[in-house]
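Taking it in order: structure first as structure tokens, then the write-up.
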Amino acid sequence: MIQLNFIVFYLLFWFTDISLGSSIDQPADLIKHLGDTVNISCIHTYSNYYYLYWYQQTTQKESFKLLGHLYMSKFNSEKDYERIHIYGNSQTHGTLQISSVTSADSAVYFCAVSDTV
């Protein structure tokens with residue numbers, strides 16, 4: 001008997017201010033097999049937004065967990081997350097990469113941009 005294990009990633013975008021003429025682009029749900037690497041991209045056109053944050057919410061009852069952020073192209077982790085990396089240029093895009101996904105990684109992931117810390 002073959003058992004398929006997979007993880008579903010739900011993605012939402014959250015921003016700190018609304019600017020006319022700006023937009024965001026990120027994929028819908030992602031499904032990955034256990035052990036895979038997942039890359040979740042967030043692209044935005046909010047000019048002068050230098051900080052890009054990634055949050056995780058595993059259940060509706062839990063609060064958001066800040067995974068880390070980009071300032072320009074510099075990744076700053078909130079904790080020692082060995083399997084998590086964020087890369088890109090926070091002024092236009094940021095990609096959350098999770099390697100060797102486990103069932104604990106099944107969650108809603110939020111991308112947020114801001115012009116201040």
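For the reader, a short list of remarks on this structure follows.
- Of the residues making up the stretch 53-99, those that are among the small types (Gly, Ala, Ser) and farther than 18 Å from residue 38 by Cβ number 3.
- Residue match in the stretch 39-51 (condition: closer than 14 Å to residue 105 by Cα, out of contact with any Phe, Trp or Tyr (no Cβ under 8 Å at 6 or more places or on another chain) and not small (Gly, Ala, Ser)): yes
- Under the condition of being touching a residue at least 40 places away in the same chain (Cβ under 8 Å), part of a loop (DSSP other than H, G, I, E, B) and in contact with a His (Cβ under 9 Å, 6 or more places away or on another chain), the residues counted in the stretch 75-111 number 5.
- Checking each residue in the stretch 26-74 for being hydroxyl-bearing (Ser, Thr, Tyr), exposed (fewer than 11 other Cβ atoms within 10 Å of the Cβ) and either in contact (Cβ under 8 Å) with a residue 60 or more places away in the chain or not in a loop (DSSP other than H, G, I, E, B) (or both) picks out no residue at all.
- Total residues in the stretch 78-97, condition within 10 Å of residue 42 (Cα to Cα) and modelled with pLDDT under 90: 0
- Matching residues, the stretch 100-117, being under 22 Å from residue 35 (Cβ atoms) and surrounded by 14 or more Cβ atoms within 10 Å (Cβ to Cβ): 101, 105, 106, 107, 108, 109
The values are calculated or read from the model by the stated rules, or taken from the named source; none is laboratory data. For clarity, every value in this text was computed on a predicted model and none was experimentally measured. Glycine gets a Cβ as well: all are built from the backbone with ideal geometry, and neighbour counts include every protein chain shown.
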